[in-house]
1. Please give the net charge around L38, taking every other residue with its beta carbon less than 13 angstrom from that of L38, where Lys and Arg add +1 and Asp and Glu add -1.
2. Between R31 and M59, what length in nm is gained on full extension when 0.36 nm per residue of separation is reduced by their alpha carbon distance?
3. Rounded, prolate or oblate: pick one for segment 22-75, where a ≥ b ≥ c are the square roots of the eigenvalues of its C-alpha gyration tensor, a/c under 1.5 means rounded, and failing that, prolate if a/b is larger than b/c, else oblate.
Amino acid sequence: MSQIPSSSTALSLISLNHIQLPVEMWCMIFRFLDPVSLIKASRAHPFWDSVIRGDSILMERIRQYLEMLSRVRQEQ
């Protein structure tokens, strides 16, 4: 039985195969990721970072996550 690769593994496979996708497609793919994976993807590759930073929806998701983390840490 085959396993479904994690989202970060799938993105790595796409990158390794040098598939040329429009930025809009990258944004659609990245929107499936949770905030932690988005941050990791942004740090993994300069192109991915520019795509993520250029998409207001992705950046808002990261911003909300970081604000939530900050609130949790302040409450502790």
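1. Net charge around L38: +2.
2. Fully extending the segment from R31 to M59 adds 9.0 nm.
3. On the way: a/c = 2.65, a/b = 2.13, b/c = 1.24.
Note, shape of segment 22-75 comes out prolate.
Every read-out reported here was derived from the displayed coordinates using simple, explicitly stated rules and does not represent laboratory data. Remember, it's a predicted structure, so these values are computed and weren't measured experimentally. Backbone-built Cβ (ideal geometry, glycine too); neighbour counts: all protein chains shown.
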